[in-house]
Amino acid sequence: MDLSEEGEALSSEWAELGNNVCGILHGCRNLSLVAEHFVRAGWRSRSSSWEGYEVGTDWCEAELDCLDGVDVLLNGVIAPHRLASTVSD
C-alpha cells in the first residue's frame, strides 16, 4: 500500500480536544486497504504499529487497529462540526 505523508496536519484546536470518536468497521479484514481508501480520498496515512495505521486531515485524525481479525477499530478526534455533517449526509 502506498502511504501518504502529504496533507495538512490536524489543526491544533482539534488536537487539544482529545478523542471524541470511536467506532467499529465491521468485516474490514485488511487494514492496509482501509487506510488506502482514506489516502484515495486525500487523507494522509502512516503506519503506526505492526498492523495499525494513523489516518488524518486537518479536521480529523484517527487510528485504525485490528480488533479481532475481522473488524477494524477506529478511534480518534474529529472536529465536532464535521461529525454532525458526516452523520447527516
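Going through (1) of a type in the set (A, V, I, L, M, F, W, C); (2) surrounded by 13 or more Cβ atoms within 10 Å (Cβ to Cβ); (3) at pLDDT 90 or above one by one, Cys22 falls short only on (2).
Taking every residue in region 56-77 that is touching a residue at least 24 places away in the same chain (Cβ under 8 Å) and over 15 Å from Glu16 (Cα atoms) and pairing it with any residue that is β-branched (Val, Ile, Thr) and buried (at least 17 other Cβ atoms within 10 Å of the Cβ), at least 6 positions away or on another chain, the pairs with Cβ-Cβ distances below 6 Å are Leu64/Val34; Leu64/Val72; Val72/Val34.
The values are calculated or read from the model by the stated rules, or taken from the named source; none is laboratory data. Bear in mind the structure is a predicted one, so any value in this text is a computation, not a measurement. Neighbour counts run over all protein chains shown; Cβ positions are idealised from the backbone, glycine included.
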